[in-house]
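J.: Before I ask anything, let me first share the structure, which is written out below as structure tokens.
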Amino acid sequence: MTSTPPGPRAPSQPPLRLVRPASGREDQRAPQHVLLVVTGSVAAYKAAPLARALAKAGAEVRVVLTRSAVEFVGPATFSGLSGRPVESDMFGSHAGGELHVALAAWADAILVAPATADFLARLATGRADDLAAATLLCATCPVLVAPAMHPTMWSHPATQRSVATLQSDGRCRFVGPVDGEVASGDSGVGRMAEPEQILAELLPLVTPQDLAGLHVVVSAGPTVEDLDPVRFVSNRSSGKMGFALAERAARRGARVTLIAGPVDLPTPPSVLRVDVRSALSMQSALHEALGPELRSADVLIMAAAVGDYRADAEHPTKLKSHAPVLKLALHKNPDILADIGRARTGRRPLLIGFAVETDSDARVIELARAKLVAKRCDAIVANHARDSLGQDDNRVTVITNETTEPLPRADKGWVADRILSFVAARLGDKGK
Ligand SMILES: Cc1cc2nc3c(=O)[nH]c(=O)nc-3n(C[C@H](O)[C@H](O)[C@H](O)COP(=O)(O)O)c2cc1C
């Protein structure tokens, strides 16, 4: 049901500055050099999906395996996933120079996953008797440690002493271990934290916190208008774009409230999610999040495909299907974006809308420009339905009063980061 009617033509505008199309490589915001240190735990195989997820999140990954780790996992797995040779040997012929010093200087963050009891003991006593330990001793970047061991090893006073020493030294932080089943079949605290939890802790450490202190509200997904207890009217929005925006904004330090229509997507880490169904329920959840006079939010990104129409009343029982033609009266839903645009008195919240269309590229941009003006937004993200709905990637053009910036087709996470860079630049320019 979400369709933008052939909108008014934009009033005559100042000449547009067409920003050079991005190549997809210039989001140099994040210096994401992550050194993954894998030690000799039976959980070492779980480091492979971590390496893959880090690379997928845009990090450049290098891997160090301890000698014991090599007994559990092959270097070829990690060189394949990281695209770089795996290091194990401090004195290897190919190493050259002081490899441990070079690796520590290269890393923006070090992740030790899994970390054995033995490795924790060596770290806590300042040992430097292999490449992994020596690199950690040289490191000044953030270090995240994900221990994995049998619960009796974890609870042993010697291990707890190592952990307490490392915590009081303040040179690394811990994620896990968690309570659960370990390799032996026993249960207790000792199981390595799941890769998602480790990533959620790690990524903010290598991501500039340029949205810290801001409250960002994002709407995502479709809305659903019920006709009767079994039927509804909705649209094809998957929510992936809005969820990517929420996830990336949280990673960049924002406090994020995500108002989500009915979608089957996991809540991004550190995001407050409010589930809604209809356009009217999305409207009230948004107003709740934006607060009186819209004062509680710094940024509102309306990525949801809010249904334009709803049934006049939800039928309490299933509509019978005898009639050859069923006539439905649909009523216009409130135009949430336009209402907020009108109600906004100052520059807050920064207002970003989305426009999904099905016309030619030129017309999509023309309609989006009209929407920018009609809804009084700071930016409209224009996209074509076939490029965006349900896809993992998207091809968008970011339109403001001054600029028209076509972005290359890219993963929605990357697109989200570009939109958020615009937000950071706008709020940076005008003072947070
Ligand atoms: C099959 C097997 C599984 C092991 N799993 C663990 C483990 O999960 N956690 C741990 O701390 N040590 C574990 N160990 C013991 C370590 O491999 C051992 O302490 C080793 O010296 C650690 O070396 P590293 O810390 O240099 O990798 C395991 C050993 C074996 C043989």
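J.: Any idea which residue in the stretch 100-129 is nearest to the ligand (Cβ to nearest atom), counting only those that are at pLDDT below 95 and acidic (Asp, Glu)?
T.: Applying the filter and picking the extreme gives Asp129.
J.: Now, a different point. Can you give me the number of residues within the stretch 323-332 that are surrounded by 10 or more Cβ atoms within 10 Å (Cβ to Cβ) and either at pLDDT 95 or above or touching an Asp or Glu at 6+ places or on another chain (Cβ under 6 Å) (or both)?
T.: 1
J.: How do the pairs read when you match residues in the stretch 273-290 that are touching a residue at least 24 places away in the same chain (Cβ under 8 Å) with residues anywhere that are surrounded by 21 or more Cβ atoms within 10 Å (Cβ to Cβ) and of a type in the set (Ser, Thr, Tyr), using Cβ under 7 Å and keeping only pairs 6 or more apart or on different chains?
T.: Arg277/Thr223; Ser278/Thr223; Ala279/Thr223; Met282/Ser219; Met282/Thr223; Leu286/Ser219; Ala289/Thr257
J.: Looking only at the stretch 207-226, count every residue that is more than 19 Å from the chain's Cα centre (by Cα) and surrounded by fewer than 19 Cβ atoms within 10 Å (Cβ to Cβ) and tell me the total.
T.: 1
J.: Just need a number here: residues in the stretch 183-193 that are free of Cβ contacts under 8 Å to residues at least 60 places away in the same chain and either assigned by TED's automatic domain parsing to the domain that holds Ser281 or crowded, with 17+ Cβ neighbours inside 10 Å (or both).
T.: The number of residues fulfilling the criteria is 2.
J.: Would you say Thr358 is at pLDDT below 90, surrounded by fewer than 24 Cβ atoms within 10 Å (Cβ to Cβ) and polar (S, T, N, Q)? Explain how you work it out, then say what you get.
T.: Working: at pLDDT below 90: yes; surrounded by fewer than 24 Cβ atoms within 10 Å (Cβ to Cβ): yes; polar (S, T, N, Q): yes.
Yes, satisfied.
J.: Now for a different question. Quick check on the stretch 4-61: of everything there that is within 20 Å of Val415 (Cβ to Cβ) and modelled with pLDDT of 50 or more, which residue is farthest from the ligand (Cβ to nearest atom)?
T.: So, considering only residues that are within 20 Å of Val415 (Cβ to Cβ) and modelled with pLDDT of 50 or more, the one farthest from the ligand (Cβ to nearest atom) is Gly58.
J.: Right, next: Can you find even one residue in the stretch 260-277 that is touching a Leu at 6+ places or on another chain (Cβ under 8 Å), buried (at least 17 other Cβ atoms within 10 Å of the Cβ), modelled with pLDDT of 95 or more and closer than 22 Å to Asn383 by Cβ?
T.: No, the conditions are met nowhere in the stretch 260-277.
J.: Examine the stretch 148-158 for a residue that is at pLDDT below 95 and exposed (fewer than 14 other Cβ atoms within 10 Å of the Cβ), and state whether such a residue exists.
T.: So far as the stretch 148-158 goes, no, none of its residues is at pLDDT below 95 and exposed (fewer than 14 other Cβ atoms within 10 Å of the Cβ).
J.: How about the stretch 63-99: which of its residues are surrounded by fewer than 18 Cβ atoms within 10 Å (Cβ to Cβ), hydrophobic (A, V, I, L, M, F, W, C) and at pLDDT 90 or above?
T.: Residues satisfying the conditions are Val70, Ala76.
J.: Identify, from the list Gln197, Gln209, the residue that is over 25 Å from Gly353 (Cα atoms), more than 16 Å from the ligand (Cβ to nearest atom) and of a type in the set (S, T, N, Q).
T.: Selected residue: Gln197, the only one of Gln197, Gln209 that is over 25 Å from Gly353 (Cα atoms), more than 16 Å from the ligand (Cβ to nearest atom) and of a type in the set (S, T, N, Q).
The values are calculated or read from the model by the stated rules, or taken from the named source; none is laboratory data. Source: prediction; values computed, not measured. Counting neighbours? That spans all protein chains shown, and the Cβs are built from the backbone with ideal geometry, glycine included.
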